[in-house]
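Heads up, the thing below is written out as structure tokens.
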Amino acid sequence: MLEEIKSIKKAPVEEYYVPGHRTCAGCGPALQYRLVAKAAGPNTIFLGPTGCMYVANTSYGCGPWAVPWIHAQITNGGAVASGIEAAYKAMIRKHKTDAEFPNIIVMAGDGGSADIGIQALSAAFYRGHNILFVAYDNESYANTGIQTSPTTPYGAWTTFSPAGPVIPEGKKLMPKDLPKIMAHGHPELKYLATASLSYPLDLMNKVRKGLNANGPAFLYIHAPCPKGWSFPADKTVEIGKLAVETGMFQLYELDGGEYKLTYKPRELKPVSEYIKYQGRFSHLQPEHIEKLQQFANQRLKEVGIEAVAAPAE
Amino acid sequence: MAERKFLNGNYALAAAVKLAAPEVIAAYPITPQSSIVEKLAEFVSNGELEADFIKVESEHSALAACYGAASTGCRVFTATSSQGLAYMAEMLPYVSGNRFPVVMAVANRGLAAPWTIWGDHQDAVSMRDHGWIQLHVENAQEALDTCLQAYKLAEHPGVLTPVMVCLDGFVLSHTEELVEVPTAEEVKGFLPPYEPMHAVDMNNPTTFCIGAGPDVFTEYKYSQQLGMEAALELIPEIAAEFAEKFGRNHGGLIESYSCEDAEYILVSMGSVTGTARVVADQLRSEGVKAGILKLRAFRPFPIQAVSQVIKRAKGIGVLDRDYSYGNEGALATEVKAALYGSDVRPSVTNFIAGLGGRDILPSDIREMFAVLERSVSQPGSVKPVNFVGLRWQR
């Protein structure tokens, strides 16, 4: 049982995601990885489906983990985790190991969770394996050069959704809502939460709740990407905060069948405050920004926050 | 005491898997494989087999779950056929490259399109280059025995290479034969518990399948070839040890029949070998010096063993239940390559038969030998590749 971390000062000093990676300056996914590993502790196996947190971390002979790590393929984080979990259960039952049942954590990007990886993810949760599946969302296929994924926001520029005279807003589709997909329709689900690297204490405690849940737990972590979203590398935490304060990302958990908002912005800021720092939205016209605002309002409403139409600057 | 039972090939394989006692089984249903895993599900359900059976949502995940389970150092099993094997294709080199000794049964079936559920070797043969050992069996007893040998082979520290145990769809998978099932005690003496060289360990954290640059990638691939070369030595040794313990020998890398003085030899793989032997006997009684060479190992390919047996004959036929489009049957290419380094090189004629489950009749095999005789008596009169019994041709 992992104890609740009462304050950021009481967070463990030990690190299990350590130097040795080659992520970009200000990398959001790397920041959240460090927090997840810190919260999980030493009795942990990390699985890395293909994505930034695989590619940028696996230079030969130079991995950044102080715990065991295995590559899963981008399709199948859920399946590889299922195999490891079943193996440990069987080996413990057959007295073939004296190891304690480990924390089995899949660290998948939005492609490896919401897109090509969703089949194996959903199946693992349906079967009820005792794993924590982290979907760190940097809202694009970033390690292949910023192509659109199903969680890329409406209006964002990517190399697959460039803005042009015929398609002025860039990406035309609204993003998939992965945590809602996971929350509804997986009867064995034991715990689900969203988190942001900009709220580290909340994030670490959600990791621990997920690992204590004794069954499939899903954690959806917002992880801003300076390169893919075109913002300065020292603004990652600030951008993460703005996403929450403008309602573009909501922090909640689903525990024992009850939704609970874990952070409610005191005063909602308009979405324009969030996008103005990001080059990927720089081509948007007022009508596009209004559409994005409507999207945020709708998502907020779904978690019980009535948006007050804040005046644009 | 070993028990004699009527079992089809799939149930014989399931009986072998029960004896090998894997910790994890992960599989997805596909014809004609399904009944292997259905039987294993029964064993798990009634307590005869202490294993976790993961009912995955796809073949890709079946092999992915085996890959994960194998990383912890336990024994695993999966099975598939045809499109299912094709769907696993991405995972095949991940398993072999990580040197995980997974054993997989492949109930061989043709590949669509047009869609077919019936047997041929296209599925396994088209996965030739993914670093898996492929052993093809001739009957249900051989399926059982080869599965036990496969675990011993795959888990050998010098091999650490996954093995496909291939049995012909329906002809073997669904046809009952009298099969001897050894006891768990007997098997214990032959197949010891798996001792992994590398496994996930919290006390000694390591990474599995990290990226490798051009400076080291080749060495990883080279080491896989060394594993295959070790398998080439060990397959006959393990078969001999098995024969000593259980009294059955289905051949090591190959099994030759009446080949010593044969003028005409047909190379075959899988269940058709039995029919071919009967025809060879008939031809012998008629004065034709016919022989049959069964390929048991398709990978590693036994170049030396094959060329030693066939090089003194006059005409060699190669029966392929597969096709490498744009060239010829895959076995034919392999057999010709085996002869390249030989001091004498008989002519090689390729026969394509038994695709998509079409029966290969004794009369078809007689005709193949007739063609072989013509290929020698009238050089140039025979086509290098012959589709047997074509009902339509240009």
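Any idea which residue in segment A:1-27 is surrounded by the fewest Cβ atoms within 10 Å (Cβ to Cβ), counting only those that are over 23 Å from A:W69 (Cβ atoms) and among the β-branched types (V, I, T)?
Among them, the one singled out is A:I8.
If we keep just the residues of segment A:28-55 that are out of contact with any Gly (no Cβ under 8 Å at 6 or more places or on another chain), open to solvent by 20 Å² or more (accessible area, probe 1.4 Å) and in a loop (DSSP other than H, G, I, E, B), which is farthest from A:I104 (Cα to Cα)?
So, considering only residues that are out of contact with any Gly (no Cβ under 8 Å at 6 or more places or on another chain), open to solvent by 20 Å² or more (accessible area, probe 1.4 Å) and in a loop (DSSP other than H, G, I, E, B), the one farthest from A:I104 (Cα to Cα) is A:P42.
Assess whether B:E263 counts as being surrounded by fewer than 24 Cβ atoms within 10 Å (Cβ to Cβ) and farther than 22 Å from B:D343 by Cα.
Working: surrounded by fewer than 24 Cβ atoms within 10 Å (Cβ to Cβ): yes; farther than 22 Å from B:D343 by Cα: no.
For B:E263, the condition - surrounded by fewer than 24 Cβ atoms within 10 Å (Cβ to Cβ) and farther than 22 Å from B:D343 by Cα - is not met.
How about segment A:222-291: which helices (runs of 4 or more DSSP H) wholly inside it have at least 2 residues that are within 25 Å of A:E306 (Cα to Cα)? Let's see the steps before the verdict.
Details: elements: A:226-229, A:236-245, A:271-275.
Once the helices (runs of 4 or more DSSP H) in segment A:222-291 are filtered for at least 2 residues that are within 25 Å of A:E306 (Cα to Cα), what remains is A:236-245, A:271-275.
Pick from B:R312, B:R277, B:R284: which is assigned by TED's automatic domain parsing to the domain that holds B:E373, open to solvent by 10 Å² or more (accessible area, probe 1.4 Å) and either under 26 Å from B:A154 (Cβ atoms) or in a loop (DSSP other than H, G, I, E, B) (or both)?
Numbers: B:R277 fails: either under 26 Å from B:A154 (Cβ atoms) or in a loop (DSSP other than H, G, I, E, B) (or both); B:R284 fails: either under 26 Å from B:A154 (Cβ atoms) or in a loop (DSSP other than H, G, I, E, B) (or both).
Criteria check complete, one pass: B:R312.
How many residues does segment B:57-114 hold that are of a type in the set (D, E, K, R), within 24 Å of A:Y126 (Cβ to Cβ) and surrounded by 24 or more Cβ atoms within 10 Å (Cβ to Cβ)?
Matching residues across segment B:57-114 total 1.
How many residues are closer than 21 Å to B:L172 by Cβ, among the acidic types (D, E) and part of a helix (DSSP H, G or I) if we restrict to segment B:222-273?
0
Go through the residues of segment A:254-268 one by one and say whether even a single one is open to solvent by 10 Å² or more (accessible area, probe 1.4 Å) and closer than 23 Å to A:T158 by Cβ.
Keep residues of segment A:254-268 that are open to solvent by 10 Å² or more (accessible area, probe 1.4 Å), which gives A:254-268.
Now restrict to residues that are closer than 23 Å to A:T158 by Cβ: none.
For segment A:254-268, residues open to solvent by 10 Å² or more (accessible area, probe 1.4 Å) and closer than 23 Å to A:T158 by Cβ: absent.
Regarding B:G291, is this residue touching a helix residue (DSSP H, G or I) at 6+ places or on another chain (Cβ under 8 Å) and free of Cβ contacts under 8 Å to residues at least 12 places away in the same chain?
Working: touching a helix residue (DSSP H, G or I) at 6+ places or on another chain (Cβ under 8 Å): yes; free of Cβ contacts under 8 Å to residues at least 12 places away in the same chain: no.
When the stated conditions are applied, B:G291 does not pass them.
What are the pairs with Cβ atoms under 6 angstrom where one residue, in segment B:327-349, is within 13 Å of B:G315 (Cα to Cα) and the other, located anywhere, is open to solvent by 60 Å² or more (accessible area, probe 1.4 Å)? Sequence gap at least six, or different chains.
B:L339/B:R345; B:P346/B:K314; B:V348/B:K336
Which one of B:T218, B:T175 is open to solvent by 20 Å² or more (accessible area, probe 1.4 Å), at pLDDT 95 or above, hydroxyl-bearing (S, T, Y) and within 25 Å of B:L295 (Cα to Cα)? Steps first, answer last, please.
Details: B:T218 fails: within 25 Å of B:L295 (Cα to Cα).
After applying the criteria, what remains is B:T175.
Out of the residues in segment A:292-303 meeting the condition of being assigned to a helix (DSSP H, G or I) and either small (G, A, S) or in contact (Cβ under 8 Å) with a residue 24 or more places away in the chain (or both), tell me which one is nearest to A:P165 (Cα to Cα). Before you say what the answer is, go through the steps one by one.
Within segment A:292-303, the first condition is being assigned to a helix (DSSP H, G or I), and the residues that meet it are A:292-302.
Still in the list and also either small (G, A, S) or in contact (Cβ under 8 Å) with a residue 24 or more places away in the chain (or both): A:292, A:295-297, A:299-300, A:302.
Working: A:L292: 20, A:F295: 23, A:A296: 26, A:N297: 28, A:R299: 29, A:L300: 32, A:E302: 34 Å.
Among them, the one singled out is A:L292.
Based on what the data block shows, is A:M107 touching a strand residue (DSSP E or B) at 6+ places or on another chain (Cβ under 7 Å), more than 7 Å from chain B (Cβ to nearest Cβ) and not in a helix (DSSP H, G or I)? Don't jump to the end; show me each part of the working.
Working: touching a strand residue (DSSP E or B) at 6+ places or on another chain (Cβ under 7 Å): yes; more than 7 Å from chain B (Cβ to nearest Cβ): yes; not in a helix (DSSP H, G or I): yes.
So A:M107 fits the description; yes.
The values are calculated or read from the model by the stated rules, or taken from the named source; none is laboratory data. What you see is a predicted model; the values in this text were computed from it and never measured. Neighbour counts are summed over all protein chains in view; Cβ atoms, including those assigned to glycine, are modelled from backbone coordinates with ideal geometry. Keep in mind that these areas ignore ligands, DNA and RNA; they rest on the heavy atoms of the full protein, side chains included. Shrake-Rupley method; radii C 1.70, N 1.55, O 1.52, S 1.80 Å.
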